[in-house]
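Every number here is computed from the coordinates shown, using simple stated rules; none is lab data. Model, not experiment: these values are computed from the prediction. Every residue, glycine among them, receives a Cβ derived from its backbone with ideal geometry; neighbour counts consider all protein chains shown.
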Amino acid sequence: MPEISEKTSSGKLLKVEIVTPKHLVASDEAQMVVAPGEMGSFGIMYNHIPFLSALKTGEVRLVNGDQKKLFAMSQGFLEMSGNKVVILADGAEQAEEIDVARAQAAKERAIKRLGQAETDASIDDDRAKRALLRALNRLKIAEKVNSP
């Protein structure tokens with residue numbers, strides 16, 4: 001998959017909201033938003049054509065010049081309209097707020113459940129896989145902001 005260039009020079013900013021069923025995770029401005037679409041990552045800049053996209057679990061980046069804010073998000077939807085981006089996600093958190101110990105524990109629980117699913121039909125295999133994917137995503141994004 002080709003890497004998205006994040007070099008932006010425009011001073012024009014998008015309004016960005018990241019929302020979960022529980023709360024507003026972020027209300028910010030960005031020159032560019034990069035999101036994990038179902039068909040691959042994509043970038044949005046000022047005056048982009050309006051559209052709606054399904055999102056998969058992954059990383060959302062808000063880019064302002066050389067500055068980036070990273071978010072771990074679970075699946076959801078993105079709407080771009082009138083230079084405003086709204087991301088509705090099952091779950092989302094800013095990279096600096098990720099509890100690494102909690103994410104590691106979730107990863108271990110999901111791996112254990114996947115192992116049990118092979119012999120226990122009452123365990124939802126797909127749910128355990130999604131939980132593992134979310135935990136791995138949170139750990140990967142936390143590592144990006146915690147590494148030197």
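Here are some notes:
- Extent of segment 59-105 along its three principal axes (Cα atoms, max minus min coordinate, largest first): 40, 27, 11 Å.
- Helix 125-146 axis, angle to the chain major axis (alpha carbon atoms, nearest 10°): 50
- For segment 30-80, the dipole from Cβ point charges (+1 on Lys and Arg, -1 on Asp and Glu) about the Cα centre works out to 100 debye, to the nearest 20.
- For the peptides 96-105, 72-81, residues were scored by their other Cβ atoms within 10 Å and the scores averaged per peptide; the highest-first order is 72-81, 96-105.
- Mean residue ellipticity (222 nm) of the chain, computed from DSSP H runs ≥ 4 via -39,500 (n - 2.57), nearest 500: -9500 deg cm²/dmol
- Residue exposure sequence - E17, E93, E108 - by fewest surrounding Cβ within 10 Å: E108, E17, E93
- Among the listed pairs K22/K112; K68/K107; K12/K69; K12/K84; K22/K140; K69/K140, those with a Cα-Cα distance over 21 Å are K22/K112; K68/K107; K22/K140.
- Of the residues F42, F71, the one with the fewest other Cβ atoms within 10 Å heads the list, and the complete ranking is F42, F71.
- Translational D in µm²/s for segment 80-147 (Stokes-Einstein at 20 °C, 1.002 mPa s, Kirkwood Rh from C-alpha pairs): 157
- Mean separation of Cα pairs under 8 Å and 6 or more residues apart, divided by the residue count, gives the chain a relative contact order of 20 percent.
- Stokes-Einstein diffusion for segment 14-95, with the hydrodynamic radius set to the Kirkwood value over Cα pairs and evaluated at 4 °C in a medium of 1.567 mPa s, equals 106 µm²/s.
- If you take all other residues with their beta carbon under 13 Å from the beta carbon of A128, and give Lys and Arg +1 and Asp and Glu -1, the sum is +2.
- Rg(Cα) / (2.2 N^0.38 Å) computed for the chain, rounded to two decimals: 1.12
- Electrostatic tally near T57: other residues with Cβ closer than 14 Å to its Cβ, Lys and Arg +1, Asp and Glu -1, net +3.
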